[in-house]
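S.K.: My structure is below; once you've seen it, I'll send some questions.
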Amino acid sequence: MIPHDDRGLLLGDGLFETLLARDGVLMRLEAHLDRMAAGCAVLGLPAPDRGEATVLMRRALAGVEAPRVAVRLTLTAGSGGRGLDRPTPVAPRLFATAAPSAIPDQPARLALARTRRNDGSPAARIKSLSYLDNVLARAEARSVGADEAVMLNSRGEIACATAANIFWVSEGRLWTPALDCGALAGIARGEVMARAQGLGIEVAVARAGPQALERAQAIFLTNSLIGLRPVAAFGDRVLAPHPLADRLALN
């Protein structure tokens with residue numbers, strides 16, 4: 001049980017990573033643990049012991065019978081007194097959960113969200129527990145019949161989807177928002193960029209408004225669970241299937 005004074009529960013003070021387990025194997029394990037350690041450095045928290053984290057995730061995974069499982073590792077800043085200041089010393093709390101994760105059987109439909117991504121916050125560049133803006137943006141998308149929301153930053157530039165990085169194809173290149181737009185350095189994002197470059201496809205990072213998606217030949221979403229998911233519509237605009245989707249697929 002999580003106690004009522006846990007700082008992750010009360011203040012969103014902590015981090016998480018979501019891994020894909022395929023046929024019982026935790027995929028990209030070291031990359032996810034590396035990113036959590038980097039996030040801990042940003043938040044001033046001690047990084048979790050990798051052995052303990054792996055044991056917790058495998059224990060959670062063992063309780064789910066499915067070929068594809070989403071395993072979430074959560075680290076909170078532990079219990080603390082009332083107010084914002086952390087206790088000294090900090091005693092982080094680490095736990096893992098798991099649930100079946102099916103591959104979406106249809107391309108995604110995107111809607112532009114009014115809720116903005118705070119690109120000036122360090123939380124935009126780590127897997128923070130503070131995900132309320134993403135929750136609100138996803139609810140906006142669902143309310144108009146879309147699967148995912150495109151989130152813009154404070155300057156009106158494309159940042160990300162609520163739970164994925166965004167790519168688009170235009171002018172013979174593969175584009176994705178620059179990290180300082182408020183995009184997370186997604187693990188799948190990095191793999192898609194590397195794969196594209198290995199195939200001789202030029203990859204560019206951009207500061208671009210939503211007009212770039214309105215003009216794009218194709219749009220893709222990426223994260224560790226879905227790999228690469230094509231987009232079938234952005235608002236009222238319908239997008240045809242694009243051959244790059246199969247060439248860049250991860251899972």
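The values are calculated or read from the model by the stated rules, or taken from the named source; none is laboratory data. Values in this document were obtained by computation on a predicted structure and should not be read as measured data. Virtual Cβ from ideal backbone geometry, glycine too; neighbours counted across all protein chains shown. Side chains included, ligands, DNA and RNA excluded: accessible areas come from the protein's heavy atoms. Shrake-Rupley method; radii C 1.70, N 1.55, O 1.52, S 1.80 Å.
S.K.: Kindly provide the set of residues from the range 218-251 that are open to solvent by 50 Å² or more (accessible area, probe 1.4 Å) and assigned to a strand (DSSP E or B), ordered by number.
M.R.: Within the range 218-251, ARG237, VAL238 qualify.
S.K.: A follow-up question, please. Quick check on my filter: what residues within the range 1-47 are in contact with a helix residue (DSSP H, G or I) (Cβ under 6 Å, 6 or more places away or on another chain), of a type in the set (Gly, Ala, Ser) and in a helix (DSSP H, G or I)?
M.R.: ALA31
S.K.: Please enumerate the residues belonging to the range 200-216 that are in contact with a Leu (Cβ under 8 Å, 6 or more places away or on another chain) and free of Cβ contacts under 8 Å to residues at least 60 places away in the same chain.
M.R.: ILE201, GLU202, VAL203, ALA204, VAL205, GLY209, ALA216
S.K.: Being touching a strand residue (DSSP E or B) at 6+ places or on another chain (Cβ under 9 Å), under 29 Å from ALA123 (Cα atoms) and in contact (Cβ under 8 Å) with a residue 60 or more places away in the chain: is that true of LEU250 here?
M.R.: yes
S.K.: A follow-up question, please. For the range 118-160, which positions are under 14 Å from the mean Cα position of the chain (by Cα), surrounded by fewer than 18 Cβ atoms within 10 Å (Cβ to Cβ) and among the hydroxyl-bearing types (Ser, Thr, Tyr)?
M.R.: Scanning the range 118-160 gives SER130, TYR131.
S.K.: Within the range 11-21, is even one residue within 21 Å of PRO100 (Cβ to Cβ) and surrounded by fewer than 15 Cβ atoms within 10 Å (Cβ to Cβ)?
M.R.: No, because not a single residue in the range 11-21 is within 21 Å of PRO100 (Cβ to Cβ) and surrounded by fewer than 15 Cβ atoms within 10 Å (Cβ to Cβ).
S.K.: Does PRO92 satisfy the criteria of being more than 12 Å from LEU26 (Cα to Cα), open to solvent by 40 Å² or more (accessible area, probe 1.4 Å), modelled with pLDDT of 95 or more and not β-branched (Val, Ile, Thr)?
M.R.: Yes; evaluated as a whole, the condition is true for this residue.
S.K.: Still on this structure: When you scan the range 135-163, how many residues do you find that are under 19 Å from GLY227 (Cα atoms), assigned to a strand (DSSP E or B) and not acidic (Asp, Glu)?
M.R.: Residues flagged as under 19 Å from GLY227 (Cα atoms), assigned to a strand (DSSP E or B) and not acidic (Asp, Glu) within the range 135-163 amount to 5.
S.K.: For the range 192-217, name all the residues that are crowded, with 19+ Cβ neighbours inside 10 Å and within 27 Å of ARG68 (Cβ to Cβ).
M.R.: Passing the criteria: VAL192, MET193, ALA196.
S.K.: Could you look through the range 54-97, keep only residues that are in a strand (DSSP E or B) and touching a Phe, Trp or Tyr at 6+ places or on another chain (Cβ under 9 Å), and pick out the one that is farthest from ARG35 (Cα to Cα)?
M.R.: THR76
S.K.: Can you tell me how many residues within the range 116-134 are among the aliphatic types (A, V, I, L, M) and part of a loop (DSSP other than H, G, I, E, B)?
M.R.: Final tally of qualifying residues: 2.
S.K.: Only one of these conditions is not met by THR74: (1) open to solvent by 60 Å² or more (accessible area, probe 1.4 Å); (2) among the hydroxyl-bearing types (Ser, Thr, Tyr); (3) closer than 13 Å to ASP13 by Cα. Which number is it?
M.R.: Unmet for THR74, out of (1) open to solvent by 60 Å² or more (accessible area, probe 1.4 Å); (2) among the hydroxyl-bearing types (Ser, Thr, Tyr); (3) closer than 13 Å to ASP13 by Cα: (1).
S.K.: Can you tell which of ILE166, ILE201 is part of a loop (DSSP other than H, G, I, E, B) and modelled with pLDDT of 95 or more?
M.R.: Only one candidate passes the filter, namely ILE201.
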